Amino acid sequence: MPLSRSLSMSSLSGVLPQWEDDELPVDDLLLFEVSWEVTNKVGGIYTVIQTKAKITVDEWGDNYYMMGPYFEHNFQTQVEGCEPPNPAVKKAIDALTNNGCKVHCGRWLIEGSPYVILFDLGSAAWNLDRWKGDLWQSCHIGMPFHDREANDALILGALIAWFFKEVTDDLGDRQNVIAHFHEWQAGPGLVLTRSRRLPVATVFTTHATLLGRYLCAGNADFYNNLHKFNIDKEAGERQIYHRYCLERAAVHCAHVFTTVSQITAVEASHMLHRKADVVTPNGLNIKKFSAIHEFQNLHVTSKGRIQEFVRGHFYGHLDFNLDKTLFFFIAGRYEFSNKGADIFLESLSRLNYLLRVHRSDVTVVVFFIMPAKTNNFNVESLKGQAIRKQLWDTAHSVKEKFGQRLYDSLLRGQIPDMNAILDRDDFTIMKRAIYATQRRSLPPVTTHNMLDDATDPILTNVRRIGLFNDRNDRVKIIFHPEFLSSTSPLLPMDYDDFVRGCNLGVFPSYYEPWGYTPGECTVMGIPSVTTNLSGFGCFMEEHVSDPSAYGIYIVDRRFRSADDSCNQLTQFMFSFCQQSRRQRIIQRNRTERLSELLDWRYLGRFYVHARHLALSRAFPDQYKLDPMSSLQAEGFQYPRPYSVPPSPSASLHSTPHHSDEEDEPYDEDLEAERDRINIKAPFVSNGKKKKQHGEAGN
């Protein structure tokens, strides 16, 4: 049976071409996707499998199952229990259940409603010692008793291998099972499945190498010394050698090995000693608005809510113009160096200096959204929001009185005396309100009481650079050490709404295998800063001829020193501050247009190719695929915009003081249409570009 390179997804807005070959016979196949984060949010992998579910279900229907560990609370709140539709799957679940291992099946209540099979690890823990012996006999990997996470991963893997044994025994000679494993926690299942020679085509995806995270967290010069590390020694010193062995064994046992980005593929070739067969970039579900500028309106609405918070936080020191205030932010796990918070803070200090030297009237308020250990909200922060609300109520009551008296005066046919329209009590109320806004202290840098205030990395560096929200500072810092929530009494906004209201997301990460945060900014039309050490940054460099013109600023952290990278980031932010309001609107339109490149309908094709390749390697007699064929992105997807890009070299004045009424040759609809015409075919196979529908032959 020849394998096709066909895809069931339609092209994006007529831009991305469809494949012309026949589809893979998914009705005769079963696809299982294994991850520790199925219905269990831990990190970014949860976002990957959750957002990818819909396009996979659209392609595979009831033949697609996700597998992971069972957690009672997650199952009760996220899963609707039901029986699996496939008889072989049901028999396998019953076999495990009859042997004392609890298995739960249902539909995950997310878009696409995929079937999930969740294994209760506690019910099978009595087999742990036996399974440790099996692992040792098959690949000589020992598991220490004190590593709870690794032991749980082994229990999950053994249950999954047992499950696949039951399924394949029931199916008999039909070679139609594909299993896709994510990260090292799912690795034992792949290793045991292969060691028992089960007829299963396997794919393993690493989203970040285990040792890579540890080395970068230790401030090692990671990428410049990849070839110098003694891998076994480094893993042993960090007491993760058994985990590393599990990960490496899974990588080498898999029929197909994939990574989420080219930079991670380079890392994996050194850390795990295998080159990636396919790079599978992470995508998002893109929902286009019916009105082309609706996302601009959402930006204005969300920005207004952030401005209200800023009014309260900086009460008594609100001597800057909010209409000329830009909101920057960084968000993610609190990995100070890996996420680039170190060079971001240093760059903010330099940006503050530049804005003051150039006497700019622009103020930058920077939010750090990174969860840290706290014990409660900062009293001063709560007081600020209370005073803001009190001022609003006072102004509203005076406005009502003023409006009523003005109305009565006009009804009598008289022009009101403005000196008499407000009485003495009104002035007293307003004076009291103004007095309440007086404060002797500076606005707080953090919104919460930190448990480790003296040693906290962000606060320590804020003290070093001296950005304490002083009146003379043009850069203000707000550290919000909790994830955002619409139920918060301080900043009642969900993360998505907050991102929409900001002007620039800054993510100068040193270690970021993919980077969902700048991707989320892109689909919302918000410009962002990323690096050439993040998967997202490398992807955009490959697909866009001039990323900065589209609001994707890429800092070089791979081939420049830390000081040079810091200067480059400072220049990016300073140039952004010099843009006029109209230039920022134009740039947001361009940024939002790039969202098509991040749609799973496009990026899901790489996963399809990985499954095809796994089938051809696992069952070469039944499935044929040209061993020389490859699926890869070709060239730039988007050309440089036809209108003048909002960059300091081409479209900015030499001074930040310029009019918003500049006459730029810009037509949004015309430019968008030109982008669609100039976009190139995203894939090549055997060096030949696929012919698009309607494209004439030579």
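The values are calculated or read from the model by the stated rules, or taken from the named source; none is laboratory data. Here the structure is a predicted model, which means the values were calculated and not measured. Every residue, glycine among them, receives a Cβ derived from its backbone with ideal geometry; neighbour counts consider all protein chains shown. To get the accessible areas, we keep the full protein, side chains included, count just its heavy atoms, and leave off ligands, DNA and RNA. Shrake-Rupley method; radii C 1.70, N 1.55, O 1.52, S 1.80 Å.
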Seminar exercise, completed: One would report the antiparallel percent of DSSP beta bridges in the stretch 40-158, rounded to the nearest 5, as 60 percent
For this session: Would you please give the FRET efficiency between ALA125 and ARG238, computed as 1/(1 + (r/R0)^6) with r the Cβ-Cβ distance and R0 = 25 Å, to the nearest 0.05?
Result: 0.40
Problem set entry | Surface share of carbon and sulfur [accessible, 1.4 angstrom probe, percent] for the stretch 39-194 | 47 percent
Problem set entry | Per principal axis, descending, Cα span of the stretch 334-418 in whole Å | 69, 40, 17
Seminar exercise, completed: The whole-number value in µm²/s of the Stokes-Einstein translational diffusion coefficient for the chain, with Rh from the Kirkwood sum over alpha carbon pairs at 20 °C and 1.002 mPa s, is 77 µm²/s
Seminar exercise, completed: Spelling it out for SER488: with amide H atoms placed in the peptide plane at 1.01 Å from N, the residues 5 or more places away or on another chain with amide H under 5 Å from its amide H are MET493
Seminar exercise, completed: Reported to the nearest 10 Å², MET143 has, with a 1.4 Å probe, an accessible area equal to 20 Å²
For this session: Give the distance, in whole Å, between the Cα centre of the stretch 93-133 and the Cα centre of the stretch 556-624.
Result: 36 Å
Exercise. How big is the Kirkwood radius of the stretch 189-286, worked out from every pair of different alpha carbons and given in Å to one decimal?
Worked result: 14.3 Å
For this session: With an 8 Å cut-off on Cα pairs and a minimum separation of 6 or more residues, tell me the relative contact order of the stretch 61-120 in percent.
Result: 47 percent
Exercise. If you add up the charges near PHE164, with Lys and Arg at +1 and Asp and Glu at -1, over every other residue whose beta carbon is less than 14 angstrom from its beta carbon, what do you get?
Worked result: +2
Exercise. What Kirkwood radius, in Å to one decimal, follows from the Cα pairs of the stretch 317-359?
Worked result: 12.5 Å
Exercise. Around SER509, which amide H atoms from residues at least 5 apart in sequence, or from another chain, sit under 5 Å from its own amide H, with H modelled in the peptide plane?
Worked result: THR531
For this session: Give the distance, in whole Å, between the Cα centre of the stretch 468-520 and the Cα centre of the stretch 289-361.
Result: 8 Å
Problem set entry | From phi via Karplus (6.51, -1.76, 1.60), per-residue ³J(HN,Hα) for the stretch 503-520 in Hz, x at Gly/Pro | 9, 8, x, 10, 9, x, 5, 8, 10, 8, x, 10, x, 6, 4, x, x, 5
Problem set entry | Distant-in-sequence amide H partners of LYS476 (H built 1.01 Å from N, under 5 Å) | VAL364, VAL365, VAL366
Exercise. How long is the stretch 414-543 along each principal axis, judged by its Cα atoms, biggest number first, in Å?
Worked result: 69, 44, 32
Exercise. Within the accessible area of the stretch 447-588, what % is carbon and sulfur when the probe is 1.4 Å and the other protein chains stay in place?
Worked result: 48 percent
Seminar exercise, completed: Descending accessible area (1.4 Å probe), largest on the left, turns HIS270, HIS182 into HIS270, HIS182
Exercise. On average, how much accessible surface per residue is there in the chain, in Å², for a 1.4 Å probe, leaving out ligands, DNA and RNA?
Worked result: 43 Å²
Seminar exercise, completed: Around GLN307 (Cβ within 12 Å, Cβ-to-Cβ, excluding GLN307; K/R +1, D/E -1) the net charge comes to +3
Exercise. In percent, how large is the relative contact order of the chain, given Cα pairs closer than 8 Å and 6 or more residues apart?
Worked result: 15 percent
Exercise. When DSSP assigns beta bridges and you keep just the ones with both residues in the chain, what percent turn out antiparallel, to the nearest 5?
Worked result: 20 percent
For this session: Read phi for every residue in the stretch 580-587 and hand back ³J(HN,Hα) as whole Hz from Karplus 6.51 cos²θ - 1.76 cosθ + 1.60, θ = phi - 60°, with x for Gly and Pro.
Result: 7, 4, 5, 5, 5, 5, 4, 5
Exercise. Which semi-axis lengths, in whole Å and largest first, follow from the square roots of five times the eigenvalues of the Cα gyration tensor of the stretch 101-230?
Worked result: 29, 19, 17
Problem set entry | Residue-level accessible surface for ARG500, protein heavy atoms, 1.4 Å, Å² | 40 Å²
Exercise. With every protein chain kept in the model, how would you rank ARG464, ARG243 by accessible area, 1.4 Å probe, largest at the top?
Worked result: ARG464, ARG243
For this session: Give me the accessible area of TRP184, 1.4 Å probe, in Å² rounded to the nearest 10.
Result: 10 Å²
Exercise. Hey, what do the phi angles of the stretch 440-457 turn into as Karplus ³J(HN,Hα) couplings, whole Hz, using 6.51/-1.76/1.60 and θ = phi - 60°, x for Gly and Pro?
Worked result: 8, 9, 6, x, x, 6, 10, 8, 10, 7, 7, 6, 10, 4, 6, 10, 4, x
Exercise. Restricting to the stretch 299-453, what percent of DSSP beta bridges are antiparallel, rounded to 5?
Worked result: 30 percent
For this session: Can you bin the stretch 513-585 into rounded, prolate or oblate? Criterion: square roots of the alpha carbon gyration tensor eigenvalues sorted a ≥ b ≥ c, rounded for a/c under 1.5, prolate for a/b above b/c, oblate for the rest.
Result: oblate
For this session: Take the Cα gyration tensor of the stretch 339-477, multiply each eigenvalue by 5, square-root it, and list the three semi-axes largest first, rounded to whole angstrom.
Result: 43, 19, 12
Exercise. What is the Cα radius of gyration of the stretch 471-523 over 2.2 N^0.38 Å, N being its residue count?
Worked result: 1.34
Exercise. Could you sort LYS91, LYS165 by accessible area so the largest value comes first, with the probe set to 1.4 Å?
Worked result: LYS91, LYS165
Problem set entry | Helix-only mean residue ellipticity at 222 nm for the chain, each DSSP H run of n ≥ 4 adding -39500 (n - 2.57), per residue, nearest 500 | -13500 deg cm²/dmol
